[in-house]
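Derivation of every value follows stated rules applied to the coordinates shown; laboratory data play no part. As the structure is a prediction and not an experimental result, all values here were calculated from the model. Every residue, glycine as well, gets a Cβ built from its backbone with ideal geometry; the counts of neighbours run over all protein chains shown.
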Ligand code: SF4
């Protein structure tokens, strides 16, 4: 199984924050510069999450804001961000010797902490792309690009079972809920200027029906 971000904070900051920011920020010795953002019409779509999969639940860090409900087993850590130390609570799952998250069921691959799952789990299947060749970011709801490389939590087969669904009021409201949770993360990190208001407005006003739009700083 490939785990691109065993520390999920890297995914949140280097992908999610990097795509939504309107201002530069410093993280891990690197300055991330804002890019134009293409909001895909696909951001309005929904998806299925069938049982007996759990392929997107490998062992990675489970991270929470101080005021987010969290399961037992998290400890405080400080993240360097823009020369500040930002407090988060993390379960690194260091005592978990399996390849999958300690909260995924080995019977039906359901998440035992679904109502309080961390942002990095909750945010799927919103995908934040930062192309190497294209100088812009893109946000959409889309299948896993390397689904074939993921291993199910039940049966150990490769691949995922989720399917993309057409846009609906339910899918749009759920995506807005996730974007507002990301906004709380950005605010906690002091990242005040983001595209999130425009992304939410795009979803509320057009429901994705008028095609992609590009936002330029
Ligand atoms: S917390 Fe839940 S959703 Fe997240 S990886 Fe673990 S089992 Fe999967």
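The table that follows gives values for the structure above.
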| item | result |
| --- | --- |
| Distance in nm between pseudo-label sites at residue 216 and residue 187 (7 Å out along the Cβ direction from Cα) | 3.1 nm |
| Tensor-based shape of segment 83-167 (alpha-carbon gyration tensor, a/c under 1.5 rounded, otherwise prolate or oblate) | oblate |
| Per residue Cα convex hull volume in Å³ - calculated over segment 44-99 | 159 Å³ |
| Rg in Å to one decimal, and Dmax rounded to a whole Å, for segment 107-217 via C-alpha atoms | 15.9, 48 |
| Gain in span if fully extended, residue 207 to residue 177, counting 0.36 nm per residue against the direct Cα distance | 9.4 nm |
| Likely footprinting exposure, 111, 101, fewest C-beta neighbours within 10 Å first | 111, 101 |
| Two-site label geometry, residue 161 and residue 82: point separation in nm, points 7 Å out along Cα→Cβ | 4.2 nm |
| Reciprocal of mean inverse Cα separation for segment 1-101 (Kirkwood radius, Å) | 16.0 Å |
| Longest to shortest principal axis, alpha-carbon extents of the chain, angstrom | 46, 42, 33 |
| Residue-span extension gain [residue 31 to residue 75] - 0.36 nm each, minus C-alpha spacing | 13.1 nm |
| Label-point separation in nm, residue 95 to residue 67, each point 7 Å along Cα→Cβ | 3.1 nm |
| Percentage of interatomic Cα-Cα distances in segment 71-131 larger than 16 Å | 62 percent |
| Net length gained if the chain between residue 22 and residue 105 were fully extended (0.36 nm per residue, minus Cα distance) | 25.9 nm |
